[in-house]
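These notes are about the structure you will find just below.
The values are calculated or read from the model by the stated rules, or taken from the named source; none is laboratory data. None of the values given here were measured: they were computed from a predicted structure. When we count neighbours, we look across all protein chains shown, and the Cβ atoms used for this are built from the backbone with ideal geometry, even at glycine.
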Amino acid sequence: MRKSDLIPGWIEKELRANFARASRAGRRAAKTEPRAVSAAYRSQERALRIELTNGATITLPVKLISGLKGARPKDLRAVEVLGRGSGLHWESLDLDLSLPGLLSSLFSGPEWLAELGRIGGRNSSAAKAAAARRNGRKGGRPRTRSRKDSVES
């Protein structure tokens, strides 16, 4: 009995279409998502160092990665890169982390965004300096009006 006799034609056609769609999605993800080339635990820094396919290297403190917080250094050193670099695996911890998920969870929280705003607000530019001079000539930064002041006006 041939394989094609066991599977109806419509199922085989559907499987081929799904496989082609999944293959395209995988190629697209490989071009757009961060992928790991290597990963290593650095015990002196208590940090995970990840080299990406685009040439960037990221060093993350282990205390920021929820699944690794209480792990022993011996277990942390046993990190493996999964598949084509889409994830990290620790056999002894029974832990798998998606690299895109890990990076987005670390860099999307309110603490991270507040820090970016704080750093950005601290930076000086020619436009900021010119605006400060204009405000200074007008007597400084305009006062903010309270709701009470605006109701009385």
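Numbers for the structure displayed
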quantity	calculated
Positions within region 6-35 being of a type in the set (S, T, Y) and closer than 16 Å to S98 by Cα, in sequence order	T32
In region 82-103, the residues that are surrounded by fewer than 18 Cβ atoms within 10 Å (Cβ to Cβ) and closer than 19 Å to R35 by Cα	L82, G83, R84, H89, L95, D96, S98, P100, G101, L103
Residue selected from region 43-81 under the condition buried (at least 16 other Cβ atoms within 10 Å of the Cβ) and under 22 Å from K31 (Cα atoms), by the criterion nearest to the chain's Cα centre (by Cα)	I58
Looking only at region 129-153, and only at residues there that are in a helix (DSSP H, G or I) and modelled with pLDDT under 80, the one that is surrounded by the most Cβ atoms within 10 Å (Cβ to Cβ)	D149
Yes/no for R35 being in contact (Cβ under 8 Å) with a residue 40 or more places away in the chain, in contact with a strand residue (DSSP E or B) (Cβ under 7 Å, 6 or more places away or on another chain) and surrounded by 13 or more Cβ atoms within 10 Å (Cβ to Cβ)	yes
